[in-house]
Amino acid sequence: DASDRLSGKKLIVTAGGTREALDPVRYLTNRSSGKMGYAIAAAAQGAGAEVTLISANSALPVPNHVRLIRVESANELLAAVKKAFPVADGLIMAAAVADYRPAVVANQKIKKTAANQTMTLELVRNPDILQTISTSKRPGQVVVGFAAETNDLIANAAKKIKAKKLDLIVANDVANKQIGFNADQNQVTFLFADGQQIKSPLESKAAIAERLIQLITDHFLN
Ligand code: C5P
């Protein structure tokens, strides 16, 4: 039945938004709430999978029977994913990873001064977690990414599926305020490596999560 479709399978789900420290009291981040990733973790657990949820700074309640690892920055997220992936059957990267982090993290709180009316921050690129992980992917392991786009949704998602060597990408249009970051609903297009596209209706993030877990089960984990 539906509650044991994924029994014996180990899935890693990442969720939330990374924080990139500037000094002991400040950080750069994004508007991710973690809702989509937490819903996916709950759906995967509901389907019988053993779920590790790697959560970056989300305040949401943790779904029952899910193993939780809390991280803060992109580098911490990478380390946690690297550690969990070798024994996993799949990885679903719903976390919003900061593309850049401050080049230097100050040891003390950065002070404003009368002389400095402007301030320039130097940022450096963060590692791409999916790209890093995909290189160590074994046959049978499934890797799923997300693509939040404001324009050319399918073309941009198709580029990411190739660059990050994904099996499936979940593309959503974040220019639409009803869906995406922090919304309770979402509408997505599931795009497979072979070009197949499946468009979801506008529905709750829980329903999108169920749909995603069903697709992953049918296409990759049966
Ligand atoms: O390239 P972009 O950030 O749009 O790709 C989004 C997908 O890549 C998401 O699944 C996100 O979790 C993942 N990602 C990553 N490492 C990064 C940036 C994004 O794994 N540094």
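Amide H of SER32 versus every other amide H placed in the peptide plane: which residues, excluding those fewer than 5 positions away on the same chain, fall under 5 Å?
none
Return the whole-Å distance between the Cα centroid of segment 91-108 and the Cα centroid of segment 1-62.
Using only Cα atoms to place each centre, the spacing works out to 16 Å.
Suppose only helical runs count, i.e. DSSP H with n ≥ 4. What mean residue ellipticity at 222 nm does that imply for the chain under -39500 (n - 2.57) per run, divided by all residues and rounded to the nearest 500 deg cm²/dmol?
Roughly -7500 deg cm²/dmol at 222 nm, from the helical runs in the chain.
With label points built 7 Å along Cα→Cβ from the Cα atoms of LYS177 and ARG67, find their separation and express it in nm.
With each label placed 7 Å out from Cα toward Cβ, I get 4.2 nm.
With all protein chains present, calculate the accessible area of MET119 using a 1.4 Å probe and round the result to the nearest 10 Å².
Rounded to the nearest 10, that gives 130 Å².
At 7 Å along Cα-to-Cβ for each site, give me the label-to-label distance between ARG31 and ASP1 in nm.
Using points 7 Å along Cα→Cβ, the separation is 4.1 nm.
For segment 75-221, what does the relative contact order come out to in percent, with C-alpha contacts under 8 Å and a separation of six or more?
Relative contact order for segment 75-221 comes out at 17 percent.
Below 22 Å, Cα to Cα, which lysines can LYS109 reach? Residues fewer than 8 away in the same chain don't count.
Within reach: none.
Run the count for segment 157-209, please: Lys pairs, Cα-Cα under 21 angstrom, 8 or more apart or on different chains.
5
The values are calculated or read from the model by the stated rules, or taken from the named source; none is laboratory data. From a predicted model like this one, the values you see are computed outputs, not experimental measurements. As a convention, Cβ positions derive from the backbone with ideal geometry for all residues, glycine included, and neighbour counts pool all protein chains shown. Side chains included, ligands, DNA and RNA excluded: accessible areas come from the protein's heavy atoms. Shrake-Rupley method; radii C 1.70, N 1.55, O 1.52, S 1.80 Å.
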